[in-house]
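Trainee: Mind having a look at this structure? Questions to follow.
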Amino acid sequence: MDTQYDEYPGLDRTRLQDGYKRCIENAGRLMNDATLLKEAGRFRSACLMVHMAVNELGNAMRLYEAGRSGVESWKEWWNSYFAQHADAEEGGEESGRIRQELTHVGFDRKGETFRAPREDGDGELLELFDKEVAYAESMLTVLPPYGFELLELREVVQQSPEMALPVLYAWIEGVTAGEPAINERDLLTAAAKDMGLDPDDAAGRFDKWKEVAPKLRACLDLLRRVQGKLQQK
């Protein structure tokens, strides 16, 4: 019996979320590297870089599904995490064979000679690059950087619908405070849709929230200071 992953731990949602974000970030870096290689005319290397990004996004998907649905066998889960399944996800053995022929040194059994991979300007190689980039980008659309936070927000809606909007607004304020480049309205729209809320209604109430929130925080801060002074007496 394979015991390779017996010592690997079960993961709570916090650690799954950390792994998820790291995978998304690394995939983005690999995609950027692939773009630079393409611009330099190094299409074989660019294809391999995108393929690595797809593998990383596949692992991000596994981490997200573990957080969303739970895991029955962590040993089996770790085995899947470390396995390279991108070929199967993207079209099975045939896709993997084509990638191998276009980007790696192969062997011609009939001629009994080694075969060099395609030249960087080869049309099929360029087609493979475009296909893999499109696949990676489609994966990124369903794996947002804040996937786990959105998962938790959906759970709030299910458990306490009346708290959905306040929790959503507080989360958006926290995210945009730490990352000012993020457009808060775009984030609000995406999160509201993910939670099953009306984006226009959520946006309208968000404007009112921003007007009231500073006053609420000031009142809470005042209450905390008063309580602190009372406790000192």
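Trainee: Just grab the label-to-label distance for Thr141 and Thr14, each label 7 Å out from Cα along the Cβ direction, in nm (one decimal).
Mentor: Reported label-point gap for Thr141 and Thr14 is 3.5 nm.
Trainee: Can you give the local net charge around Leu187? Use residues other than it whose beta-carbon is closer than 13 angstrom to its beta-carbon, Lys and Arg +1, Asp and Glu -1. The partial results should precede the final answer.
Mentor: Numbers: positive: Arg185, Lys193; negative: Glu149, Glu173, Glu179, Glu184, Asp186, Asp194.
Charge balance near Leu187 sits at -4.
Trainee: Where does each of Phe148, Phe114 land when they are ranked from fewest to most other beta-carbon atoms within 10 angstrom?
Mentor: With the fewest neighbours first, Phe148, Phe114 line up as Phe114, Phe148.
Trainee: For Lys75, go through the aspartates and glutamates and keep the ones whose alpha-carbon is under 20 Å away, minus same-chain ones fewer than eight residues off.
Mentor: In chain and number order, the partners are Asp2, Asp6, Glu7, Asp12, Asp18, Glu56, Glu65.
Read-outs: derived from the displayed coordinates by stated rules, not from any lab. Only a predicted model underlies this, so the values are computations on that prediction, with no experimental measurement involved. All Cβ positions, glycine included, derive from the backbone under ideal geometry; neighbour counts span all protein chains shown.
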